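Notes to accompany the following structure.
Just so it is clear, none of the values below were taken in a lab; they were calculated from the coordinates. These numbers were taken from a predicted model, which means no experiment stands behind them. When we count neighbours, we look across all protein chains shown, and the Cβ atoms used for this are built from the backbone with ideal geometry, even at glycine.
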Amino acid sequence: MFDKILVAVDFSDPSVESLDWTRDRYPDAEIVLFHALERTDPPNYVRRALGDALDLGQEEELDARSNLEALAEARGLEGGTMVREGWPPAAVHEAAHEVGADLIVVAAHRRQVWPGDEPPGATAEAIAERSSVPLLIWRDQVEPTTDHPTVVASLDLREGTEPVAEAAARVAKSFGARLLMLHVLSGTLHSYLRAVSSPAKVEEAERSIQRSARQEAEGRVPEDLRGELEIQTVIQRGRPITQILATAETEAADLIVMGKSHAARPDAGLLGSVTGKVVRGASCSVLIVPL
């Protein structure tokens, strides 16, 4: 499904584990290793001692390149390595564009080291906001999953969101996974129907809406994959963020697939409030598909 993959490596354990996972899952893909350098200003006493001969930036770049090359050589990867200076979310986006990657993989850290640090997934979320190609935010599972992996596709069923279902179906096939199609109806739907319909018609209207939503969700799986996958469709009602995370937890999901939606509020960020909260709250990996 993916031919050229850019793996962002910051040399932490999660990022190296995400590299190994990517190599194992996509053995035929060309994997490019990338590291973003954020410039470090040396203390004044170091600069006074070494004067103009000091170039920490060059030293950091050479160190990063040698470490990336060592990772690639140890794993038999021939896609190459890249080191760029700049803010990591912007640098990753530029590097992916430069090499023509069709997938970016970045590991999300699980814990904040200090209370004032960015929350887990914040950097990955910032990368997703800028990415024009699918982004896999990789997390190692806290608990071992079942032998039969599960991919949860979160579908809002609006026009233009069809690529989410297709991506989820193709990933599920490549992983040999069960595909669970999830659509969350508005939590206010029941109240609205009660306000505009007689009590006798409310249940009938809700059943009709759920049938239509189920048919729409199932119809979005590419025809050539329908007979090759174990597919389950779930229609829930309530807050999308709550239902997505709860379903992923209940089903022991290995991956959540979502679209990069437009922000619902000015303060929601480019990624959208629901997708952003899933990135921060999920205990499994999240694949974000640009729409």
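Remarks
- Among residues other than residue 222 with Cβ under 14 Å from its Cβ, the summed charge is -2 (Lys and Arg +1, Asp and Glu -1).
- Amide hydrogen neighbours beyond the local backbone of residue 31, cut-off 5 Å, H modeled: 5, 78, 79
- Taking other Cβ atoms within 10 Å as a rough exposure proxy, 109, 35 sort from fewest to most as 109, 35.
- Ordered by the number of other Cβ atoms lying within 10 Å of each residue's own Cβ, fewest first, 12, 273 fall into the sequence 12, 273.
- Using the Cβ-Cβ distance between residue 208 and residue 239 with R0 = 22 Å, the FRET efficiency computed as 1/(1 + (r/R0)^6) comes to roughly 0.45.
- Close amide H pairs (under 5 Å, H built 1.01 Å from N) link residue 285 with 139, 256, residues at least 5 positions away or on another chain.
- 3J(HN,Hα) from dihedral phi, the range 72-80, Karplus parametrisation 6.51/-1.76/1.60, rounded to Hz, x for glycine, proline: 5, 5, 5, 10, x, 8, 10, x, x
- Extension gain (nm, one decimal) between residue 216 and residue 132, 0.36 nm per residue minus Cα-Cα: 27.6 nm
- Each of 11, 34, 2 has some number of other Cβ atoms within 10 Å of its Cβ, and from fewest to most they run 11, 2, 34.
- Once both labels are positioned 7 Å from their Cα atoms along Cα-to-Cβ, the gap between residue 90 and residue 232 label points is 4.5 nm.
- In this rough spin-label picture, where each label sits 7 Å from Cα along the Cβ direction, the residue 16-residue 102 distance is 3.1 nm.
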